[in-house]
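The values are calculated or read from the model by the stated rules, or taken from the named source; none is laboratory data. Just so it is clear, the structure is predicted and the values come from calculations on it, not from any experiment. Heads up, the Cβs are rebuilt from the backbone with ideal geometry, glycines too, and the neighbour counts pull from every protein chain shown. Accessible surface areas use protein heavy atoms only, side chains included; no ligands, DNA or RNA. Shrake-Rupley method; radii C 1.70, N 1.55, O 1.52, S 1.80 Å.
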Amino acid sequence: MRIARFSIDGNVAFGAVEGDKPDELVLDIIKGIPFADFELSGTKVPLDKVRLLPPVLPNKVVAYGRNYAEHARELGNEVPDTPFAFFKPSTSVIGSGDDIQYPSFSEELHHEAELAVVIGRMCREVPRERVKDVILGYTCANDITARDVQKREKQWARAKGFDTSCPLGPWIETDLTPSAIGEGLTIQLTVNGEQRQLGRTSEMIHSIEDLIVNITEAMTLLPGDVILTGTPAGVGPLTVGDEVAVTIEGIGTLTNKVVKRG
Ligand code: MG
């Protein structure tokens, strides 16, 4: 099932996305929230009549760095033996169709296409064999990075945590499994229709299981928390006016435009 979050007539709701043709998708409004047992209401609205919101409002986004060897090398970094994580704040999250605001303190904004894991239940110290039980589903992410600031500043809070630096969406796909992802889904990023990044999730150094075990050793994850799993090679600059799109096989396409911060 594909679960979208959207606003309609001033109300926020979740809906199950039905249909195959991109311009004929329909939302069946969910009674309740997707983090508990829920029912479909049978009330349907065309997706193009609503505004999509970020599919979740995470308490925290935990992002992993250098999880694709070729990407680590393209920036001149070593491939880490153990996973390493950083945070993106909840205020960095935007949805598909929202604008990425180019921050005033950077002159080198980069895109990073990533698979995002959405946590479905409160958990900590999750053993490998239980990882699939704590995942609600998967969505597309773009780990927008002020590369010049990242190089200058030891901690990445500003470089990777500024407002609008975490586009998520368009919706959560709940039918994928960690093993399907380990076998490899295509992850692709285009800027103004031109391909910039192309990889497969099977190229991840540390698997979904490794990452969830690693982070829950340290902290409790809450329903709606998001894990970013690293970017394949091909990262590069964005400029004001660009349209950037992340497409992951079996999930969908996350599209955002870059604007000057007003
Ligand atoms: Mg990243």
Kindly establish whether residue 62 is within 16 Å of the ligand (Cβ to nearest atom) and in contact (Cβ under 8 Å) with a residue 12 or more places away in the chain. yes
Residues satisfying the stated conditions in segment 104-162, i.e. β-branched (Val, Ile, Thr) and part of a strand (DSSP E or B): 117, 118, 119, 135, 139, 145
What number of residues in segment 95-108 are among the hydrophobic types (A, V, I, L, M, F, W, C) and within 16 Å of the ligand (Cβ to nearest atom)? 1
When segment 143-191 is checked residue by residue, the ones that are under 19 Å from residue 234 (Cβ atoms) and of a type in the set (Lys, Arg) are 147, 151, 160
Among 62, 131, the single one that is open to solvent by less than 10 Å² (accessible area, probe 1.4 Å), out of contact with any strand residue (DSSP E or B) (no Cβ under 6 Å at 6 or more places or on another chain) and not aromatic (Phe, Trp, Tyr) is 131
Please enumerate the residues belonging to segment 109-125 that are within 16 Å of the ligand (Cβ to nearest atom) and either open to solvent by 60 Å² or more (accessible area, probe 1.4 Å) or not assigned by TED's automatic domain parsing to the domain that holds residue 254 (or both). none
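So that you can scan it fast, the table gives a plain yes or no per residue for (1) open to solvent by 10 Å² or more (accessible area, probe 1.4 Å); (2) in contact (Cβ under 8 Å) with a residue 60 or more places away in the chain:
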site: 163; (1), (2): yes, yes
site: 196; (1), (2): yes, yes
site: 210; (1), (2): yes, yes
site: 235; (1), (2): yes, yes
site: 241; (1), (2): yes, no
site: 246; (1), (2): no, yes
site: 258; (1), (2): no, yes
Of the residues in segment 75-133, those that are of a type in the set (Asp, Glu) and either out of contact with any helix residue (DSSP H, G or I) (no Cβ under 8 Å at 6 or more places or on another chain) or at negative phi (or both) come to 78, 81, 98, 99, 107, 108, 112, 114, 129, 133
Looking at the structure I just gave you, is residue 79 within 16 Å of the ligand (Cβ to nearest atom), closer than 20 Å to residue 122 by Cα and open to solvent by less than 70 Å² (accessible area, probe 1.4 Å)? no
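Might you let me know whether segment 216-229 holds any residue that is open to solvent by 10 Å² or more (accessible area, probe 1.4 Å) and free of Cβ contacts under 8 Å to residues at least 60 places away in the same chain?
yes
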Restricting to segment 15-34, give me the number of residues that are free of Cβ contacts under 8 Å to residues at least 24 places away in the same chain, more than 13 Å from residue 45 (Cβ to Cβ) and buried (at least 19 other Cβ atoms within 10 Å of the Cβ). 0
Looking only at segment 126-145, count every residue that is within 16 Å of the ligand (Cβ to nearest atom) and in contact with a Pro (Cβ under 6 Å, 6 or more places away or on another chain) and tell me the total. 2
